[in-house]
1. Please give the number of the condition residue 83 fails out of (1) in contact (Cβ under 8 Å) with a residue 40 or more places away in the chain; (2) under 18 Å from the mean Cα position of the chain (by Cα).
2. Is segment 44-57 home to any residue that is in contact (Cβ under 8 Å) with a residue 40 or more places away in the chain, within 6 Å of ligand 1 (Cβ to nearest atom) and either part of a strand (DSSP E or B) or closer than 14 Å to residue 4 by Cβ (or both)?
3. Return the only residue of 167, 141 being farther than 14 Å from residue 31 by Cβ, more than 8 Å from ligand 1 (Cβ to nearest atom) and either surrounded by fewer than 24 Cβ atoms within 10 Å (Cβ to Cβ) or modelled with pLDDT of 95 or more (or both).
4. In this structure, is residue 157 over 22 Å from residue 30 (Cβ atoms) and touching a strand residue (DSSP E or B) at 6+ places or on another chain (Cβ under 9 Å)?
5. Starting from residues that are under 21 Å from residue 105 (Cα atoms) and touching a residue at least 12 places away in the same chain (Cβ under 8 Å), keep the ones in segment 1-23 and report whichever is surrounded by the most Cβ atoms within 10 Å (Cβ to Cβ).
6. Condition test on residue 216, is it within 15 Å of the chain's Cα centre (by Cα) and either touching a residue at least 12 places away in the same chain (Cβ under 8 Å) or buried (at least 24 other Cβ atoms within 10 Å of the Cβ) (or both)?
7. Within segment 210-228, how many residues turn out to be assigned to a loop (DSSP other than H, G, I, E, B), farther than 30 Å from residue 14 by Cβ and either within 16 Å of ligand 2 (Cβ to nearest atom) or touching a helix residue (DSSP H, G or I) at 6+ places or on another chain (Cβ under 8 Å) (or both)?
8. Name the single residue that is farthest from ligand 2 (Cβ to nearest atom) among those in segment 101-131 being surrounded by fewer than 20 Cβ atoms within 10 Å (Cβ to Cβ) and under 23 Å from residue 50 (Cβ atoms).
Ligand SMILES: Cc1cc2nc3c(=O)[nH]c(=O)nc-3n(C[C@H](O)[C@H](O)[C@H](O)COP(=O)(O)OP(=O)(O)OC[C@H]3O[C@@H](n4cnc5c(N)ncnc54)[C@H](O)[C@@H]3O)c2cc1C
Ligand code: SF4
């Protein structure tokens, strides 16, 4: 690890001003940042500790929206009674992430900003060819071991997965990311994560110094009847091989789908909303064959790089299973 300067910000305005300076990073729980600094992937000259800023760790559930501060801990949000009641998918996606110790340390803002787990990205000593870390150098994963790489949203420059869980549920339910810099703005979560294209080193639209101060999730009937299914190589402390965040709202007849939300994780370069599958289900009768037929389209446009071909078969099954669970079909 290289030497770096450490500053503790006294308030949000000071933190933003300091983080606007070159080669500076915010430090929240430190789980991603310090990990990547030790691996020599992140090399900031300065870190600005934001962990003690006041007012950024609140969780509010009002009639219309859920507001979560960027410094709220993953475990606190997962365990919040109002969140569990109004939005099971948010709580479930957090409980199924990382480990209890990590969830107690990690912040919601830091969770959204976590970086890919691509082995080649995380090992600069062995692999210089990574377009995300070193633009223009190539991609070691495309011809390498790519079992854990993306099949959706890829480019010929990068096939790295967005690995997180919570953002998948946020994408399914149209959350906004609340950002403060020289001006305050809100970014729809689906626009917060960028496709790799030819610029995989650009992962989000934040400018230097811009800080996530919170997220806002509109409440809905589908959010109340929601679920997060995570399929992985072992039952805990593992990233998703494939996951689905789903929610459903029924018509008064109890059989016809009025609204449905679906996003998938662990298979794409960003949290992946399945709008076409949602559209194909609205107005249809809720039954297993309808769900399975619609879920088959979840991998439209998917591209295997070799070892990850199994994900193309897995995703429709995960989507259908998650919808059957939320639709009370055994
Ligand atoms: C072994 C292991 C297993 C894991 N498993 C999972 C998993 O299954 N699912 C999952 O979703 N995650 C998983 N994670 C990732 C983990 O959830 C993240 O590392 C954690 O949430 C990061 O939060 P943090 O507060 O520690 O962020 P930090 O490490 O402090 O920050 C991360 C990045 O975000 C930036 N940042 C932090 N806060 C802000 C802010 N408010 N505004 C702007 N930028 C900010 C920092 O500058 C840094 O670049 C795992 C991590 C490990 C180490
Ligand atoms: S998949 Fe992306 S992150 Fe991984 S080696 Fe290729 S360019 Fe780098």
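The values are calculated or read from the model by the stated rules, or taken from the named source; none is laboratory data. For clarity, every value in this text was computed on a predicted model and none was experimentally measured. Cβ coordinates were reconstructed from backbone atoms using ideal geometry, including for glycine residues, and neighbour counts include every protein chain displayed.
1. Evaluating residue 83 over (1) in contact (Cβ under 8 Å) with a residue 40 or more places away in the chain; (2) under 18 Å from the mean Cα position of the chain (by Cα) leaves (1) as the failure.
2. For segment 44-57, residues in contact (Cβ under 8 Å) with a residue 40 or more places away in the chain, within 6 Å of ligand 1 (Cβ to nearest atom) and either part of a strand (DSSP E or B) or closer than 14 Å to residue 4 by Cβ (or both): absent.
3. 141
4. On the way: over 22 Å from residue 30 (Cβ atoms): yes; touching a strand residue (DSSP E or B) at 6+ places or on another chain (Cβ under 9 Å): yes.
In short, yes.
5. The qualifying residue surrounded by the most Cβ atoms within 10 Å (Cβ to Cβ) is 15.
6. Against the criterion (within 15 Å of the chain's Cα centre (by Cα) and either touching a residue at least 12 places away in the same chain (Cβ under 8 Å) or buried (at least 24 other Cβ atoms within 10 Å of the Cβ) (or both)), residue 216 qualifies.
7. The total comes to 2.
8. This residue is 104.
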